[in-house]
Amino acid sequence: MKVSRSTLAAATAVLAVVALAACGPEPADPAPTWTATTRPATEPATPERTEEAPATPERTEEAPATPERTEEAPAAQTAEVPDVVGMNHAEAQSLLRSQGFMVNEEDAGPEGRMILNNSNWKVCRQDPQPGATDALRVAIYSVKLDESC
């Protein structure tokens, strides 16, 4: 049996319409839901059958889209940046994170290496400087333990 292109195209279109029709809206009468209720110890607990709300509820007045602001949110608390210069990179990173800072780590050398095993590195400098109170993120610049800063 030979099938022409127009017949194949028509069959594909019919299948597409049927597939899309299957993705249509839910039926108007959804299945009932079951709700468990608690009863005194003398009565056995049995689920009660309830009907769901209709699919298209009546329109009611809606609340304003923007709620009124009554109080301002408290400002985020920031800790004082500790001095981590000279520390082991892993320990410095752990200390900064425990105090709520996000940490950027960079190779302080000219090579621009990735810091993979951070326990083999030491911190040469940091930004911002120790004592800063307006920072959320601290950058630490490190070199390998056998290198000088």
key: Criterion (at pLDDT 95 or above and either open to solvent by 80 Å² or more (accessible area, probe 1.4 Å) or more than 30 Å from the chain's Cα centre (by Cα) (or both)) met by exactly one of Glu91, Glu68, Glu147   = Glu91
task = Please work out which residue is farthest from Cys149 (Cα to Cα), limiting yourself to segment 96-136 and to residues that are aliphatic (A, V, I, L, M) and buried (at least 16 other Cβ atoms within 10 Å of the Cβ).
result = Ala135
query = If you go through segment 91-112, how many residues are assigned to a helix (DSSP H, G or I) and not hydrophobic (A, V, I, L, M, F, W, C)?
reply = 5
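The values are calculated or read from the model by the stated rules, or taken from the named source; none is laboratory data. Quick caveat, the model's predicted, so the values are computed rather than measured. Cβ: placed from backbone, ideal geometry, glycine included. Neighbour counts: every protein chain shown. Note: accessible area is taken over every heavy atom of the protein model, side chains too, but ligands, DNA and RNA are not part of it. Shrake-Rupley method; radii C 1.70, N 1.55, O 1.52, S 1.80 Å.
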